[in-house]
Amino acid sequence: MISIRGLKKRFDDLEVLKGMDVEVRKGEVIVLIGPSGSGKTTFLRCINALEIPNEGSVSIGEKSMDFSKKVTTADILYLRRRTGMVFQTYNLFPHMTALENVMEGPVIVKGKKKAEVKEKAILLLEKVGLGDKLDYYPYQLSGGQQQRVGIARALAIEPEVMLFDEPTSALDPELVGEVLKVMKDLAEEGMTMVVVTHEMRFAKEAADKVIFMDGGHIVEAGTPQEVFGNPKHDRTRQFLNLIQ
Ligand code: ADP
């Protein structure tokens, strides 16, 4: 469903991604782990063109974007319409209610009419357990509730893949579970997901494939059993020892 080949990204002289090759099949949950600064967030941001890679290609559906050529606004929109991004710090619009936040994507990104998207937005907020908070503003919601609005908002554009960038790392520990539960439910429903997280339990329980990144490239990848149970590389072992 998604094929990423030879993806490279530089910030000035700093090469942050040094040639990433990742295939994501439909319905697969991929968890990216690795030390801080290894390029995980940048990789996710490249998939939905929040960062424009310098080289390599991203194919989603029928279209392939070659980043060594000039990228057009149409290319960027193509990626944005097919990928739903969930951010570490929620990034909700503070002056909009939960419902308005969820309706915004389909109206702006997909050009739909408000009346058309309202019913679907309500269903999505019910799905993440916030059917009774439709008219609440972000400041009236806990971090966990805000992040669940963030997930509903990303789902609203009906993406082919959901991208999660450390979705629980800004949360108080007691609020992490409610967000992971929504993510697990989505995974079980067959949503295709790429998740950057430090929640190793989630990786073990929900991932089809775990990718360990370090220094801008993939050190190893495999099933959770392979990567956690029998890591092949010293670097992976060291990282897992530090965090577990
Ligand atoms: P991770 O998510 O694994 O912690 P990041 O992708 O956030 O890693 O960052 C990888 C490296 O890229 C870091 O050294 C970071 O400082 C750098 N970096 C990320 N975004 C930018 C940016 N917009 N400008 C310059 N450097 C950046």
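The values are calculated or read from the model by the stated rules, or taken from the named source; none is laboratory data. Quick caveat: nothing in here was measured; it's all calculated off a predicted structure. Here the Cβ positions follow ideal geometry from the backbone for every residue, glycine too, while neighbour counts run over all protein chains shown. What goes into the accessible areas is simple: the full protein's heavy atoms, side chains included, and nothing from ligands, DNA or RNA. Shrake-Rupley method; radii C 1.70, N 1.55, O 1.52, S 1.80 Å.
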message = For the stretch 179-194, which positions are surrounded by fewer than 18 Cβ atoms within 10 Å (Cβ to Cβ) and farther than 20 Å from residue 157 by Cα?
response = 181
ask   = Only one residue in 16, 29 is open to solvent by less than 70 Å² (accessible area, probe 1.4 Å), in contact (Cβ under 8 Å) with a residue 24 or more places away in the chain, away from the ligand (no atom under 14 Å from the Cβ) and within 28 Å of residue 236 (Cβ to Cβ), so which one is that?
value = 29
ask   = Hey, does the stretch 121-135 have a residue that's surrounded by fewer than 16 Cβ atoms within 10 Å (Cβ to Cβ), of a type in the set (A, V, I, L, M, F, W, C), more than 25 Å from residue 42 (Cα to Cα) and out of contact with any Ser or Thr (no Cβ under 9 Å at 6 or more places or on another chain)?
value = yes
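Scan the stretch 106-114 and give yes if some residue there is on the phi < 0 side of the Ramachandran plot and within 16 Å of the ligand (Cβ to nearest atom), otherwise no. Outline the logic, then answer.
First, pick out the residues of the stretch 106-114 that are on the phi < 0 side of the Ramachandran plot: 106-110, 112-114.
Pick out the ones that are also within 16 Å of the ligand (Cβ to nearest atom) and you get none.
No, that holds for no residue.
Assess whether residue 117 counts as being in contact with a Pro (Cβ under 8 Å, 6 or more places away or on another chain) and farther than 20 Å from residue 166 by Cα. Don't jump to the end; show me each part of the working.
Working: in contact with a Pro (Cβ under 8 Å, 6 or more places away or on another chain): yes; farther than 20 Å from residue 166 by Cα: yes.
Taking the combined requirement at face value, the residue satisfies it.
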query = So how many residues does the stretch 223-244 have that are basic (Lys, Arg) and out of contact with any Pro (no Cβ under 7 Å at 6 or more places or on another chain)?
reply = 2
Any hit, the stretch 204-215, residues being over 30 Å from residue 107 (Cβ atoms), assigned to a helix (DSSP H, G or I) and without any contact (Cβ under 8 Å) to a residue 24 or more places away in the chain = yes
note = By my count, helices (runs of 4 or more DSSP H) wholly in the stretch 30-120 with at least 2 residues that are modelled with pLDDT of 95 or more are 40-47, 98-108
message = Please go through the stretch 227-240 and give me each residue that is over 18 Å from residue 197 (Cβ atoms) and of a type outside the set (Lys, Arg), ordered by number.
response = 229, 230, 233, 234, 238
message = Looking at 220, 158, 226, can you tell me which residue is assigned to a loop (DSSP other than H, G, I, E, B), out of contact with any Leu (no Cβ under 7 Å at 6 or more places or on another chain) and of a type in the set (D, E, K, R)?
response = 158
query = residue 147 fails exactly one of the following numbered conditions: (1) within 16 Å of the ligand (Cβ to nearest atom); (2) in contact with a strand residue (DSSP E or B) (Cβ under 8 Å, 6 or more places away or on another chain). What is the number of that condition?
reply = (1)
task = Determine whether the stretch 76-96 contains at least one residue that is surrounded by fewer than 20 Cβ atoms within 10 Å (Cβ to Cβ), in contact with a strand residue (DSSP E or B) (Cβ under 7 Å, 6 or more places away or on another chain) and without any contact (Cβ under 8 Å) to a residue 24 or more places away in the chain.
result = yes
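Residues being touching a Lys or Arg at 6+ places or on another chain (Cβ under 7 Å) and either more than 9 Å from the ligand (Cβ to nearest atom) or acidic (Asp, Glu) (or both): count how many of those fall in the stretch 32-49.
To start, the set of residues in the stretch 32-49 that are touching a Lys or Arg at 6+ places or on another chain (Cβ under 7 Å) comprises 32, 34, 42, 46, 48-49.
Within this subset, residues satisfying the condition of being either more than 9 Å from the ligand (Cβ to nearest atom) or acidic (Asp, Glu) (or both) are 46, 48-49.
Qualifying residue count, the stretch 32-49: 3.
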